[in-house]
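Engineer: A single structure is presented below for examination.
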Amino acid sequence: MLALRSAVLVSTRNVAAVLGCRNKHTLPDLPYDFGALEPVICREIMEVHHQKHPNAYVTNLNAAEEQLAEAVAKKDTSKIIQLGGALKFNGGGHINHSIFWKNPSPERSDPSAELKKLLERDFHGLENFKKEMKAAAVAVQGSGWAWLGYNQKTKALQVAACPNQDPLQATTGLVPLLGKSTFGEHAYYLQYKNLRPNYVDAILGCRQPGKGCFSERLAKAQLNERGKFVPRNMFGVIIAAPQKFCSYVRRVSFRK
């Protein structure tokens, strides 16, 4: 109990840091038209997926961060712990979707030479990677995410899945490169109904993973910067270092 109180009763400097990280999160612009991914993903789905649900994550995350700052300033241990779920769900939702918008592409093209080499090394080819990605996405019970991540320790690509809006890096330590939402009610149900495997096949076919977001994120992950904060235990982070949690969400979600 004393250790918990010591962790929560942060210094005035840390409180100031929490307050300082409260620049409002905003919904990232979609890098293409709502109808640009048709017929793979219809306009209606993209409008709902981008404008409605992620906007709620942003709004609720901003509110939770404000409450967190107040709770830390008041040294309210119970309130800080209580906010853990809201920060994890809405912060994760904001991070995940900010990455997701940059993954699909209206254009079809072959993977870059760089990506082909990595997929051959770690999955024995593009088709095997797609099979693993599909298996991970289909196996998610309820809603969640399937990811292609980069393991900074082994320097290898890995496929992993996370439930709900749990962010990949905070949950597994893998740096997220490509993500696919399995939130059926807004990600695909309007078009694919309950046929998640069909949705997975379609969206894997409309990716352009060798450019833009993938290459940039992989290059940053390969730098393996020392001292980079990567939270693994979300509750521990919120309690002991809430200012670092805010900074992490801001960095990973591309907030400017």
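Throughout, read-outs are computed from the coordinates displayed, never taken from laboratory work. Just so we're clear, the structure is a prediction, and the values are computed from it rather than from any experiment. Positions of Cβ are backbone-derived with ideal geometry, glycine not excepted, and every protein chain shown enters the neighbour counts.
Engineer: Could you pull out the GluC sites (Glu not before Pro) across region 68-158 that fall in loop regions by DSSP (anything but H, G, I, E, B) with no more than 15 other Cβ atoms inside 10 Å?
Structural biologist: Working: sites: GLU70, GLU107, GLU114, GLU120, GLU127, GLU132; in loops: GLU107.
Passing sites in region 68-158 are GLU107.
Engineer: What trypsin sites (Lys or Arg not before Pro) does region 58-162 have in DSSP loop regions with at most 10 other beta carbons within 10 Å? Spell out each step's value before the answer.
Structural biologist: Values: sites: LYS74, LYS75, LYS79, LYS88, LYS102, ARG108, LYS116, LYS117, ARG121, LYS130, LYS131, LYS134, LYS153, LYS155; in loops: LYS74, LYS75, LYS102, ARG108, LYS153, LYS155.
Sparse-neighbourhood loop trypsin sites (Lys or Arg not before Pro): ARG108, LYS153.
Engineer: So how much slack lies between ASP201 and GLU47, counting 0.36 nm per residue of separation and subtracting their Cα-Cα distance, in nm? Could you put the intermediate results ahead of the total?
Structural biologist: Details: separation 154, 0.36 × 154 = 55.44 nm, distance 2.12 nm.
Value of the extension gain: 53.3 nm.
Engineer: Using the number of other C-beta atoms within 10 angstrom as an exposure proxy, rank ASP29, ASP122, ASP76 with the fewest first. Spell out each step's value before the answer.
Structural biologist: Values: ASP29 8, ASP122 20, ASP76 16.
If I rank by nearby Cβ atoms, fewest first, I get ASP29, ASP76, ASP122.
Engineer: Can you figure out the FRET efficiency of ALA135 with ILE81, using R₀ = 41 Å and their beta-carbon distance, to the nearest 0.05?
Structural biologist: Efficiency, rounded to the nearest 0.05: 0.70.
Engineer: If I model a spin label at GLN222 and LEU126 as a point 7 Å from the Cα along the Cα→Cβ vector, what separation in nanometres do I get?
Structural biologist: Rounded to a tenth, the inter-label distance reads 1.9 nm.
Engineer: What is the fewest-to-most order of SER98, SER78 by other Cβ atoms lying within 10 Å of their Cβ? Intermediate values should be presented prior to the final figure.
Structural biologist: Numbers: SER98 22, SER78 9.
The order, fewest Cβ neighbours first, is SER78, SER98.
Engineer: Give a residue-ordered list of calculated ³J(HN,Hα) values for region 55-61 (Karplus: 6.51 cos²θ - 1.76 cosθ + 1.60, θ = phi - 60°; whole Hz; x for Gly, Pro).
Structural biologist: 5, 5, 4, 5, 4, 6, 5
Engineer: For region 63-119, with equal point scatterers placed on the C-alpha atoms only and solvent neglected, what are the log10 I(q)/I(0) values from the Debye formula at q = 0.13 1/Å, to two decimals?
Structural biologist: -0.55
Engineer: Kindly identify region 113-223 as rounded, prolate or oblate by the Cα gyration tensor criterion: order the square roots of the eigenvalues as a ≥ b ≥ c, call it rounded if a/c is under 1.5, otherwise compare a/b with b/c, prolate if a/b is larger, else oblate. Intermediate results must be reported in sequence, preceding the final value.
Structural biologist: Working: a/c = 1.96, a/b = 1.47, b/c = 1.33.
Here region 113-223 falls in the prolate category.
Engineer: Under 14 Å Cα-Cα from LYS52, which aspartates and glutamates qualify once same-chain neighbours fewer than 8 residues away are excluded?
Structural biologist: Straight-distance partners of LYS52: ASP29, GLU44, GLU185.
Engineer: What order do you get for ARG217, ARG43 when you list them from fewest to most C-beta neighbours inside 10 Å? Show your work: numbers first, answer last.
Structural biologist: Numbers: ARG217 19, ARG43 13.
Sorted ascending by nearby Cβ count, the order is ARG43, ARG217.
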